[in-house]
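First comes the structure, then the notes that go with it.
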Amino acid sequence: MQIIEEKPKEGKVKVKAETLDDLWHLYHIIDPGDVVYAKTLRKQAQRSDSLRAEKVEVIPVFLGVKAEKVNFHKFANQVRVTGPIVYASREDVPLGKYHTITVEEGTVVTIQKPRWKEHHIERLKEAVEASKRARVMIVVIDEGEADMALVREYGVEILNSIRYNLGGKRYNTDRESEEKRFFHDVAKTMEEVMRREGVEKAIVAGPGFVKEDFYKFLKEKYPELSKRVVIEDTSVTGRTGIYEVIKRGTVERVYHENRVAKEIQLVEKVLENIAKNNGLAAYGLREVEEAVNYGAVETLLVLDELLKGEHREKIEELMDAVRYSRGEVVVVSSEHEGGEKLRALGGLAALLRFRVR
């Protein structure tokens, strides 16, 4: 997400959606009652003489729509905002008529709110920061050569290559020793880059069996790193192999699964504490509110659906209170197993610092 312009006095923020994740964030930022401005296409009936039927023309226009419905269409990669037109750049577009603004990757949109709430600002910051972070590391490896890259929201950053002359197969002892040196060099470089960039996952790919040999080596010598590695096939090595991994959609899958995994782990931890009856978990509005009032909440889990529901304002108050007491707030997607389990707990749960009962 890119913030293009901010006008706090008018409650306006102008942003550019760059990824599918950004659209997901916008879906949760835009509420009914907000005014959304964007360039759009509108069908307009053109009057003609009485002997001819009206002609419908599609015209480009800049509109402001007061949101009544906000829908996220993940398979179409779109957020659709529907409501009455409150501003039009053309005089021939009547105000008050209904229109749907479609927000896609690359769309520039201005959001105007009566009041920007803390969780909206947090989401906006999260989306902007995510665009700066390296999401996944790619390592394409083969006989004595490894090429590395970082996949950022804005593109691919190719890193330095590692090259070793492993010699022929007749020199088995020297080759085996040199291959281990090569594997150590690659592993240490991966650790350093992932630590520096805050990368959680690495995709190790290649056309032959070297990637499997390297993965076995990691499991033995670098077990913690091996847990963060995903293996993938490519038909070629080098930079072309890196872009082949990206084109296959592996990066998106790994990145999404990593975020989902965190949410699921937190929900599972809540369920584990509930089963142990150790007093370090609360769920449901009444229990969670009590824990918040005691300042006991370390992590608050909120199902995203609640932020669109009738108790939204109450939930937002609890979220603000948890942040004020230096707790963490995690909005859990309803699109995965963790979200379904959280929904069964009322959509609201918390991990506690200490018992309140």
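The values are calculated or read from the model by the stated rules, or taken from the named source; none is laboratory data. Model, not experiment: these values are computed from the prediction. Ideal geometry is used to build each Cβ from the backbone, glycine not excepted, and the neighbour counts take in all protein chains shown.
Just a few scattered comments:
- Given (1) in contact with an Asp or Glu (Cβ under 8 Å, 6 or more places away or on another chain); (2) within 30 Å of Phe214 (Cα to Cα), number of the condition Arg152 does not satisfy: (1)
- The range 320-343 - residue that is assigned to a helix (DSSP H, G or I) and without any contact (Cβ under 8 Å) to a residue 60 or more places away in the chain and, of those, surrounded by the fewest Cβ atoms within 10 Å (Cβ to Cβ): Tyr324
- Subset of the range 127-147 (residues that are surrounded by 14 or more Cβ atoms within 10 Å (Cβ to Cβ) and either in a helix (DSSP H, G or I) or without any contact (Cβ under 8 Å) to a residue 12 or more places away in the chain (or both)): Ala127, Val128, Ala130, Ser131
- Residues located in the range 1-36, provided they are part of a loop (DSSP other than H, G, I, E, B) and either modelled with pLDDT under 90 or closer than 25 Å to Val332 by Cβ (or both): Met1, Ala17, Glu18, Thr19, Ile30, Asp31, Pro32, Gly33, Asp34
- Criterion applied to Val251, Val229, Val267, Val245 was being more than 17 Å from the chain's Cα centre (by Cα), in contact (Cβ under 8 Å) with a residue 24 or more places away in the chain, over 24 Å from Arg163 (Cβ atoms) and crowded, with 19+ Cβ neighbours inside 10 Å, and the one residue passing it is Val267.
- Condition check for Phe209: surrounded by fewer than 18 Cβ atoms within 10 Å (Cβ to Cβ) and farther than 30 Å from Tyr294 by Cβ: yes
- Answer residue from the range 277-297, given it is more than 27 Å from the chain's Cα centre (by Cα) and small (Gly, Ala, Ser) and is farthest from Glu316 (Cα to Cα) among those: Gly279
- Pick from the range 157-179, criterion in a strand (DSSP E or B) and out of contact with any helix residue (DSSP H, G or I) (no Cβ under 7 Å at 6 or more places or on another chain), ranking: modelled with the lowest pLDDT: Glu157
- Being at pLDDT 80 or above, aromatic (Phe, Trp, Tyr), in a strand (DSSP E or B) and in contact with a Gly (Cβ under 8 Å, 6 or more places away or on another chain) is a condition met by at least one residue of the range 92-99.
- Residues considered: Glu257, Glu317. Of these, the only one that is over 28 Å from Gly198 (Cβ atoms) and not in a loop (DSSP other than H, G, I, E, B) is Glu317.
- Only listed residue being on the phi > 0 side of the Ramachandran plot, of a type in the set (Gly, Ala, Ser), in contact with a Lys or Arg (Cβ under 9 Å, 6 or more places away or on another chain) and not assigned by TED's automatic domain parsing to the domain that holds Val140, chosen from Gly284, Gly295, Gly327: Gly295
- For the range 171-184, the count of residues that are of a type in the set (A, V, I, L, M, F, W, C) and outside the structural domain of Glu340 (by TED's automatic domain parsing) is nonzero.
- Residues within the range 1-31 that are over 20 Å from the mean Cα position of the chain (by Cα), exposed (fewer than 14 other Cβ atoms within 10 Å of the Cβ) and not charged (D, E, K, R), tallied: 1
- Hits in the range 215-245 (condition: β-branched (Val, Ile, Thr) and touching a strand residue (DSSP E or B) at 6+ places or on another chain (Cβ under 7 Å)): Val229, Val230, Ile231, Thr234, Thr237, Ile242, Val245
- Among (1) out of contact with any Asp or Glu (no Cβ under 7 Å at 6 or more places or on another chain); (2) closer than 30 Å to Ile231 by Cα; (3) of a type outside the set (Val, Ile, Thr) - the single one Trp116 does not satisfy: (2)
- Selection from the range 282-294 of residues that are farther than 17 Å from Arg343 by Cα and either surrounded by 21 or more Cβ atoms within 10 Å (Cβ to Cβ) or touching a residue at least 40 places away in the same chain (Cβ under 8 Å) (or both): Glu290, Ala291, Val292, Tyr294
- Out of Glu68, Glu105, Glu91, one residue alone is loosely packed, with under 14 Cβ neighbours inside 10 Å, in contact (Cβ under 8 Å) with a residue 12 or more places away in the chain and either over 28 Å from Thr19 (Cβ atoms) or in contact with a Ser or Thr (Cβ under 7 Å, 6 or more places away or on another chain) (or both). It is Glu68.
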